[in-house]
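Please treat every number below as a calculation from the coordinates, not as lab data. None of these values were measured; they are calculated from a predicted model. Note that each Cβ is placed from the backbone with ideal geometry, even for glycine, and that neighbours are counted across all protein chains shown.
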Amino acid sequence: MSAAAQAKKLDALIKRLAGEHPDTPGVGATPPAPEGADPIVHEMVYAFLLWEAGPRLAGAALEAVQNEYVDYNETRIGMSDEVEELLPKRYPLAPERCQRLRASLNAVFKREHALSLASLDEMAKRDSRAVLDSLEGMTPFVASRVTLLGLGAHTFPIDNRLVGILADSGVCDAEEPADSVASRLERHFRAGQAAPAYLLLECAGAKSPKQSKGSGRNASSPASRTKGARASRSRTSAP
């Protein structure tokens, strides 16, 4: 299929999704940050939970993490397998996801001497994206979503699950790499258009049966540990 034909299908898909989801950003939006959390770090944490999983699973996982840990600094200090135990059952890429999340949180702490990315707001957008990409454990999807929704810069987050949604509508080939699709969509949409279009795709992803599988375990009710038990652990020293 020609690039022009795929572009028309993309426009048709976004128009259809806008009609189906008039409340956008809807489920595609980042849940509110907990009190005291750096908003950009919060965007990063949620993006890691969302990556290759979808909003339904990510929402349950975020609630579980926030219920278990006092703050994201405590999440950073915790072991990645402990975070993994909190995720809904059959969470995609669970071990890798938790290792990457912890590595990036530690990289932020090492760079900023605090669990904050507020300094990115003071940088040129290209430089702030370069900082995100340089963090240990980072993925292109997470960096792109934080850049788009946390920093207001023009980019288009795409992972393989969103490639699948786009492929089902003829926008791309199912085997096309996510970074290639992301670059194409970033060129297709003008500044200011990318965020609503991306959030509409997330709304579509939330309805996909593949994204809702494996959510049977109650992610907000950890079985063996309590927030109070963790509160006594030091939350200031790096691992």
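Assorted remarks:
- Placing unit charges on the Cβ atoms of the charged side chains and taking the dipole of the stretch 3-214 about its Cα centre, the candidate lying farthest along the positive direction among PRO32, ALA197, ALA118 is ALA197.
- Taking each DSSP H run with n ≥ 4 as -39500 (n - 2.57) and averaging over every residue of the chain yields -16500 deg cm²/dmol at 222 nm.
- Take the Cβ atoms of ALA29 and ASP121, set R0 to 25 Å, and the FRET efficiency comes out at 0.80.
- Kyte-Doolittle mean at least -1.0, axial Cα span of 20 Å or more - DSSP H helices of the chain: 3-20, 94-112
- Over the chain: Kirkwood hydrodynamic radius from C-alpha pairwise inverse distances, Å: 18.4
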